[in-house]
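Read through the structure below, which is laid out as C-alpha cells, and then see the notes.
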Amino acid sequence: MIMYFAWRIGQIIRPEDTLARLGGDEFTLLLPGLSSPEESLSVAESIRDALAEPFEVEDQELFVTTSIGIVTGPEGVSSSDELVRDAETAMYRAKAQGRARAVVFDENMHRDASERLKMETDLTKAVENGEFVPFYQPIIDLRTGRINGFEALIRWQHPVEGIVPPGAFIPLAEETGLIVPMGKFVLQAASRQLRIWQERYPAFSNLTMSVNLSVEQMKTDGIVAQLTEVIRDSGIRPELIKIEITESGIMENMDYALHVLKSFEAQNIRLSIDDFGTGYSSLSHLHSFPFHFLKVDRSFVGDMEDKRENMEIVKTIMSLAHSLDKHVIAEGVEEHSQLSLLKALGCEYGQGFYFSKPLPAPEAEAMLAENPLWT
Ligand code: C2E
Ligand code: MG
Ligand code: MG
C-alpha cells in the first residue's frame, strides 16, 4: 500500500524534488525553488487530488485522505530537524482541522505547541509535587438556612503564578490523563477533611461533600472501585459523598454513564447532575438515571429576575426534578433577591457567592464554627 502511495506522489513531483518516508504513514517532500507559500499549497492540492483516487489492492478499493503540513524556508530555520518538526506541527494542525487539509506553518503554531508542552510538563510536576489543593464552597439548605455541605473545587498553587483556577488546567489534564490522579487526590483530601470536620463539629455530623468527576475520569477502567476505596479508607459514610457529573458529560456517553452511575449507586454514593439545563438532556432518558440531585446551571439562576425565560427554565427544571423525586441545588446565587425567589419556588439547596466563594480549608472551617444562618 505504502508503495502505491509513494509511486503516485512520485508521478506528480519534479525531478529535483525529494520524497522520503518518515515512518508509518508519514512522508516528507522537499520542494526546492518554490517562490511562495501559495505555490506550495497548490502542489499540496495536486498531491491530495492524486491520492483521492481509490487504490485497488487485492480486488478491494481503498481510499486514503491526506493531511499536509507545509513549512517554507530557509529564513529563520537553522536545521533540517527544525524544518521537519515545524512541518509536523503544521500537519498535526491540518489533521485537527478535519480530513484532507493542508496547512502552512507559522511561528504562532510553534509558540502554541511549546506553551502547551511547557504547561504539560509543569502539570505533571505539579501532580508529583502535590501543588494542588481543594477549596471548599458551602452548599446551603434553603429550608433551614444552614450549611448542608461543601463542594470541593480544585486549585493549583503554582509556585510562580499563585492560585490557578481549574478552567486553566482541567482541559489539558483531561487530554493527558492527569485528571485521574488529580481527581483521586481531590476525593481523598476532601473526604478526609469531611471526616475531621464531622468530628470537630458534632452539629455537622451529616455534613456532605460534593466532588466533581470529569468524563475522562469516568471513562477510566476501574474508576468506581478506585473511588469507592478512597471513600472507604476515609471512614466516611458513602451516602455523605456526592459525585457531580455534568449533564453534557452524561449525554455524550449515555450508556457508559449509566453503567458508572449505577455502580456508584450500588455503593450508596450520591450523584448530582451538574450544570443542568446546558446539556440538551433527552428527558425520556433522565428518569432512568440513578441520580439524587439536579444542579441548575448558574447561567439560568444569574439573571432569572431580568429574563423571563430563564425564570421559566428554573421553574420547569424544578418541577421536573420534583416529579422525579429529586432535590434541586441552585448554582450561582449571588443576590439576596435570588435566594428569596428560589425559596418561594421550593428549591431545596443553594450555592453561590452570596453565601460564600470557594474557600481554603481553614476559612471554610471558620464558617462551620460560626454556623451562620441565612434567611
Ligand atoms: P462546577 O462544578 O460547576 O463548579 C462551580 C463553579 O462555579 C466554580 O468555579 C465556582 O467557583 C463557581 N461559582 C460558584 N458560585 C458562583 C457564583 O455565585 N457566581 C459565579 N460567577 N461563579 C460561581 P471553579 O472553582 O472555577 O470551577 C470550575 C469548574 O471546574 C467546575 O464547575 C468543575 O466543572 C471543574 N472542577 C473544579 N474542581 C474540579 C475537580 O476537582 N475535578 C474535576 N473533574 N473538575 C473540577
Ligand atoms: Mg460541580
Ligand atoms: Mg456547575
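Within straight-line reach of Lys242, meaning a Cα separation under 12 Å, sit the following aspartates and glutamates at least 8 residues removed in sequence or on another chain: Glu151, Glu265, Asp274.
For every helix of n ≥ 4 consecutive DSSP H residues, a contribution of -39,500 (n - 2.57) applies; sum these over the chain, divide by its total residues, and give [θ] at 222 nm rounded to the nearest 500 deg cm²/dmol.
-14500 deg cm²/dmol
The mean sequence separation of alpha-carbon pairs under 8 Å and at least six residues apart, normalised by the residue count of segment 166-290, gives a relative contact order of 24 percent. Based on C-alpha pairs under 8 angstrom that are at least 6 apart in sequence, segment 120-370 has a relative contact order of 19 percent. This model, with +1 at the C-beta of Lys and Arg and -1 at the C-beta of Asp and Glu, gives the chain a dipole about its Cα centre of some 1640 debye.
Using a cut-off of 28 Å between Cα atoms, the listed pairs Lys118/Lys219; Lys184/Lys357; Lys125/Lys184; Lys184/Lys315; Lys219/Lys357 include Lys184/Lys315; Lys219/Lys357 as exceeding that distance.
Taking chymotrypsin sites (Phe, Trp or Tyr not before Pro) in DSSP loop conformation with at most 12 other Cβ atoms inside 10 Å as exposed sites, the chain has its longest uninterrupted site-free stretch at 64-279.
Note on segment 2-105: with charges restricted to the Cβ of Lys and Arg (+1) and Asp and Glu (-1), its dipole about the Cα centre is near 260 debye.
The numbers here are math on the coordinates, done by the rules we state, and not lab data. Everything numeric here is computed off the predicted structure, so don't read it as measured data. All Cβ positions, glycine included, derive from the backbone under ideal geometry; neighbour counts span all protein chains shown.
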